[in-house]
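Here's the structure we're looking at; comments come further down.
The values are calculated or read from the model by the stated rules, or taken from the named source; none is laboratory data. From a predicted model like this one, the values you see are computed outputs, not experimental measurements. Here the Cβ is made from the backbone with ideal geometry for all residues, glycine too, and neighbour counts use every protein chain on show. We work out accessible area using only protein heavy atoms, side chains counted, and drop any ligands, DNA or RNA first. Shrake-Rupley method; radii C 1.70, N 1.55, O 1.52, S 1.80 Å.
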Amino acid sequence: MKRNQIKEVSQKLLPELRKLLVERQKNLLQLKMEAKSGKIKDIRAISKARDDLARIATMIRQKELEVSNK
């Protein structure tokens with residue numbers, strides 16, 4: 001994700017972030033399957049997808065902690 005995309009994602013609500021996380025997990029699975037079959041050209045896309053998943057999961061956890069602290 002680029003910086004402006006990260007800012008947009010961080011402003012989303014918790015249910016939207018969870019939905020995005022599921023979508024990105026499906027995308028990562030698809031990328032892995034394409035890599036195994038040799039169809040993917042950008043191997044780095046898998047690690048980028050994992051990085052994006054980690055960012056989104058972190059944002060979800062931060063929002064959960066904010067809610068529980070209030």
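Within segment 28-44, the set of residues being under 22 Å from K2 (Cβ atoms) and loosely packed, with under 15 Cβ neighbours inside 10 Å comprises Q30, K41, D42, I43, R44. Looking across segment 47-70 at every residue that is farther than 19 Å from I6 by Cβ and part of a helix (DSSP H, G or I), the one that is least open to solvent (accessible area, probe 1.4 Å) is identified as S68. Within segment 26-70, if we keep just the residues that are of a type in the set (A, V, I, L, M, F, W, C) and modelled with pLDDT under 90, the residue that is nearest to the chain's Cα centre (by Cα) turns out to be I43.
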